[in-house]
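Engineer: Mind having a look at this structure? Questions to follow.
The values are calculated or read from the model by the stated rules, or taken from the named source; none is laboratory data. Quick caveat, the model's predicted, so the values are computed rather than measured. With ideal geometry, Cβ positions are generated from the backbone for all residues, glycine too; neighbour counts draw on all protein chains shown. Keep in mind that these areas ignore ligands, DNA and RNA; they rest on the heavy atoms of the full protein, side chains included. Shrake-Rupley method; radii C 1.70, N 1.55, O 1.52, S 1.80 Å.
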Amino acid sequence: MKRNLTYQALQGLLQNIPQLHQVTEVEPLLRGYSSDLKCKVFVPDQGHFLLRTYHLSQESLKRTEYQCMTAMRELGVRCPLPISMGRLDEENGYMLLGYIEGEEASEALPHMSQQSQWDVGMEAGAELRKIHRFKVEDQAESWYVRKSKKHKRYVEKYRQCSVKMEHDQHVLAFIEENLDWMKHRPDGFQHDDFHPGNLVIKDDKLAGVIDFNRFDQGDPVHEFLKLGLFASETSIPYSIGQIQGYFGGNEPDEQFWRLYSLYTAMALVSSVVWIQQVKPEETNDMMDKIERVREDHDDFRRFVPRWYNLKNQ
């Protein structure tokens, strides 16, 4: 994905950020799909900061993101501390955040004990519950209407894709028959990219939640679909823990699993489209994930994925 600003150009603009006049180290952070340019910067006697840049066409959206993170901190969410934001030049803006020290959970979890993986999942679920306490304004259209429209657009694009998932007729039929489950659902704030790649671990504990740049609004259960596609592949104990941590150590009810399976099925359709449009070179890897999820749900004849039942073995 195209970056809005080069690292070389950024070097000459750092003096436009008051807090970084004394910066001595700038380390590019290249992971992720965001068009934001990200750097870990060091200022003597102050420590590390996270610097993100963006094109000014995104300024209004970025200001809302900054305000959301400020509100998250007030709710006790372990997320980066918003420090400042402003303009670098006539085309680019910046956001300066506190840097959360640690290792990306997707890399750390496989090297931890199963108990520690589950513990981190419990912590993550509790943090997600806090995130969902943030109040947002009602949308003109309901979650059911917005999500149904979005899904139908993806289905149209999916039918034009050259690569398709196996037994897709079962998945598409399952979704179409159960769209009404989304009616009258809560419509609140979503991190919308909550998975181990956006969690930081230090000393086998959850240090924080990062990357709020995809924030959205919708059903809280929708946040969990990343477990099937990504988290369960990294750590099943973590994935089970995230669900149980969200519910205060209790098991979710049948309605949760119905909605989870519906949103997961929808995500399979959109993922086929997205990967071929944005990262076609990663299509095979994504299709492997999609087929694994489809099999976990037995073409969505089962709501609870097989990996969740492993906790009883």
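Engineer: Report every pair of residues separated by at least 6 positions or lying on different chains whose Cβ atoms are under 8 Å apart, first residue within segment 208-219 and within 15 Å of residue 196 (Cα to Cα), second open to solvent by 40 Å² or more (accessible area, probe 1.4 Å) and among the charged types (D, E, K, R).
Structural biologist: 208/78; 209/78
Engineer: Separate question: Do any strands (runs of 3 or more DSSP E) entirely within segment 1-104 hold 3 or more residues that are surrounded by fewer than 20 Cβ atoms within 10 Å (Cβ to Cβ), and if so, which? Explain how you work it out, then say what you get.
Structural biologist: Details: elements: 25-29, 37-43, 47-55, 82-87, 92-98.
Passing ranges, in order: 25-29, 37-43, 47-55, 82-87.
Engineer: Tally up the residues in segment 145-171 that are hydrophobic (A, V, I, L, M, F, W, C) and more than 24 Å from the chain's Cα centre (by Cα), please. Walk me through it before giving the result.
Structural biologist: Just the residues of segment 145-171 that are hydrophobic (A, V, I, L, M, F, W, C), to begin with: 145, 155, 161, 163, 165, 171.
Next, from what is left, pick out any that are more than 24 Å from the chain's Cα centre (by Cα): 161, 163.
Adding up the residues that qualify gives 2.
Engineer: Then there is this: Can you tell me which residue among 224, 256 is in contact (Cβ under 8 Å) with a residue 24 or more places away in the chain, over 28 Å from residue 64 (Cα atoms), aromatic (Phe, Trp, Tyr) and not in a loop (DSSP other than H, G, I, E, B)?
Structural biologist: Numbers: 224 fails: over 28 Å from residue 64 (Cα atoms).
Residue meeting the stated conditions: 256.
Engineer: Within 29 Å of residue 30 (Cα to Cα), touching a residue at least 60 places away in the same chain (Cβ under 8 Å) and open to solvent by 70 Å² or more (accessible area, probe 1.4 Å): does that describe residue 202? Outline the logic, then answer.
Structural biologist: Values: within 29 Å of residue 30 (Cα to Cα): yes; touching a residue at least 60 places away in the same chain (Cβ under 8 Å): yes; open to solvent by 70 Å² or more (accessible area, probe 1.4 Å): yes.
Criteria met by residue 202.
Engineer: Limited to segment 156-188, what total is found for residues that are surrounded by 15 or more Cβ atoms within 10 Å (Cβ to Cβ), basic (Lys, Arg) and closer than 25 Å to residue 302 by Cα?
Structural biologist: Final tally of qualifying residues: 1.
Engineer: Something else now. So how many residues does segment 119-155 have that are part of a helix (DSSP H, G or I), touching a helix residue (DSSP H, G or I) at 6+ places or on another chain (Cβ under 7 Å), in contact (Cβ under 8 Å) with a residue 60 or more places away in the chain and open to solvent by less than 50 Å² (accessible area, probe 1.4 Å)?
Structural biologist: 13
Engineer: Mind listing whichever residues of segment 269-301 are part of a loop (DSSP other than H, G, I, E, B), out of contact with any helix residue (DSSP H, G or I) (no Cβ under 7 Å at 6 or more places or on another chain) and open to solvent by less than 70 Å² (accessible area, probe 1.4 Å)?
Structural biologist: Initially, segment 269-301 is screened for residues part of a loop (DSSP other than H, G, I, E, B), giving 279, 297-301.
Okay, now just the ones that are also out of contact with any helix residue (DSSP H, G or I) (no Cβ under 7 Å at 6 or more places or on another chain), so 279, 298, 301.
Of everything in segment 269-301, those that are part of a loop (DSSP other than H, G, I, E, B), out of contact with any helix residue (DSSP H, G or I) (no Cβ under 7 Å at 6 or more places or on another chain) and open to solvent by less than 70 Å² (accessible area, probe 1.4 Å) turn out to be 279, 298.
Engineer: If you check 239, 261, which single one turns out to be surrounded by 18 or more Cβ atoms within 10 Å (Cβ to Cβ), within 29 Å of residue 168 (Cα to Cα) and under 16 Å from the mean Cα position of the chain (by Cα)? Lay out the reasoning, then the answer.
Structural biologist: Details: 261 fails: under 16 Å from the mean Cα position of the chain (by Cα).
Exactly one residue qualifies, and that residue is 239.
Engineer: Residue 99: over 25 Å from residue 50 (Cα atoms), touching a residue at least 24 places away in the same chain (Cβ under 8 Å) and of a type in the set (Phe, Trp, Tyr), yes or no?
Structural biologist: On the way: over 25 Å from residue 50 (Cα atoms): no; touching a residue at least 24 places away in the same chain (Cβ under 8 Å): yes; of a type in the set (Phe, Trp, Tyr): yes.
Judged against the criteria, residue 99 is not a match.
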